[in-house]
1. Only residues that are in a helix (DSSP H, G or I) and free of Cβ contacts under 8 Å to residues at least 40 places away in the same chain: list them for segment 36-61, please.
2. I'm checking my understanding of the structure. Among residues of segment 135-171 that are surrounded by 22 or more Cβ atoms within 10 Å (Cβ to Cβ) and either among the acidic types (D, E) or without any contact (Cβ under 8 Å) to a residue 40 or more places away in the chain (or both), which one is farthest from V195 (Cα to Cα)?
3. I need a count of the residues in segment 1-26 that are more than 15 Å from F46 (Cα to Cα), open to solvent by 40 Å² or more (accessible area, probe 1.4 Å) and hydrophobic (A, V, I, L, M, F, W, C).
4. Do you know which residues across segment 62-85 are open to solvent by less than 30 Å² (accessible area, probe 1.4 Å), farther than 14 Å from A152 by Cα and assigned to a helix (DSSP H, G or I)?
5. So G34 fits all but one of (1) over 18 Å from the mean Cα position of the chain (by Cα); (2) open to solvent by 20 Å² or more (accessible area, probe 1.4 Å); (3) not basic (K, R); what number is the exception?
6. Kindly check whether there is at least one residue in segment 116-126 that is among the charged types (D, E, K, R) and touching a helix residue (DSSP H, G or I) at 6+ places or on another chain (Cβ under 7 Å).
7. Please go through segment 138-157 and give me each residue that is aliphatic (A, V, I, L, M) and farther than 16 Å from L93 by Cα, ordered by number.
8. For segment 37-49, how many residues meet the condition of being surrounded by 20 or more Cβ atoms within 10 Å (Cβ to Cβ) and under 15 Å from I2 (Cβ atoms)?
Amino acid sequence: MIRALLIEDDRKLAALLAEFLGQNGVETVLAQDGGQALSSLASQRFDILLVDLMLPGMDGLTLTRKIREHANTPLIMVTARGDDADKIVGLELGADDYIAKPFNPRELLARIRAVLRRSEPGDQPKFQSGGLAIDFAAREVTVDGKRQTLTAHEYELLCALARNAGRVLTRDQLLEQMKGDHADDAFDRSIDVHVSRLRQKIEPDPRHPRYVKTVRGAGYLLARES
C-alpha cells in the first residue's frame, strides 16, 4: 500500500480523492493547511506528497520549500493555477511533477505511479565517489557526511550522472533522463544552469569541480573516486 499525504483545504475534493485512491492501493492522510502537513511529516512516513498550491495561510510553494529543507520525499503539486511560471517555480523548488485542476483522478493516480517508478532505487542502492554519497532508497545526498538539500531537477541530474559514472552524457541525454515520462516545456530548462546550481551544493570548489566534470564539446560526467 502506498502512503500519500494530501494537503488540500477543499474537504469535498479531498474526500473524493481519498476514496478513489484508497480503492487503487493508495492510503491517503489529509492535511488542510501547511501547519498540519508539517506536523504529519514530523511524525509519520509517506511515500509521496500531494500539495495544493492554493492553501490558507502558508501557500503550496512556501510549504514545498520548507519540506525540501528536510526531506526528499517525492512530491506532486496539485494546483488550480496553470501558469507556466508557477509550474517552473514549483519544479525548481523541488516538486517532482504537477497536475492542474480540474483533473481526472485516474490521471493523478497515473502520475503518482510514474513519479514513484522514477524514484525507485533500482539495482544500485547506493553510490559513492570520494566524499559524495547518494542513498537512492532514501533519496539522500551527502558530501563528507553532511546532508545536501537538492531540488528535484538537481537530484535527478545527479542520479543520471551517478548511474553512468565515468561515462560522458550529452546535454540531450541528461535532459531526456530528467524529463522521464514528461515532455512539458516547464522541464526544458538549461542543463548548464542545473549543473551550475548542483555544483554550488556538492562541490568543495564549484569553479574547479571535483565530481561533476565538463567534457568540452561533449557533455558532463561524474568522476569516480575511491
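The values are calculated or read from the model by the stated rules, or taken from the named source; none is laboratory data. Here the structure is a predicted model, which is why all the values come from computation and not from measurement. Using ideal geometry, Cβ is built from the backbone for each residue, glycine included, and neighbour counts are taken over all protein chains shown. The area values use the complete protein model at the heavy-atom level, side chains included, leaving out ligands, DNA and RNA. Shrake-Rupley method; radii C 1.70, N 1.55, O 1.52, S 1.80 Å.
1. Of the residues in segment 36-61, the ones in a helix (DSSP H, G or I) are 36-43, 60-61.
Q36, A37, L38, S39, S40, L41, A42, S43, L61, listed by residue number.
2. Only one residue tops the list, namely C159.
3. Step one: list which residues in segment 1-26 are more than 15 Å from F46 (Cα to Cα), which gives 8-17, 19-20, 23-24.
Cutting the leftovers down to open to solvent by 40 Å² or more (accessible area, probe 1.4 Å) gives us 9-13, 15-16, 19, 23-24.
Still in the running and hydrophobic (A, V, I, L, M, F, W, C): 13, 15-16.
Total satisfying the criteria: 3.
4. Listed by number, the list holds a single entry, L63.
5. Result: G34 passes all but (2).
6. Pass one, segment 116-126, residues among the charged types (D, E, K, R): 117-118, 120, 123, 126.
Subsequent filtering for residues that are touching a helix residue (DSSP H, G or I) at 6+ places or on another chain (Cβ under 7 Å) retains none.
No, that holds for no residue.
7. Start the filter on segment 138-157 by keeping residues that are aliphatic (A, V, I, L, M), which leaves 138, 141, 143, 150, 152, 157.
Selection gives A138, V141, V143.
8. Looking only at that region, the number is 3.
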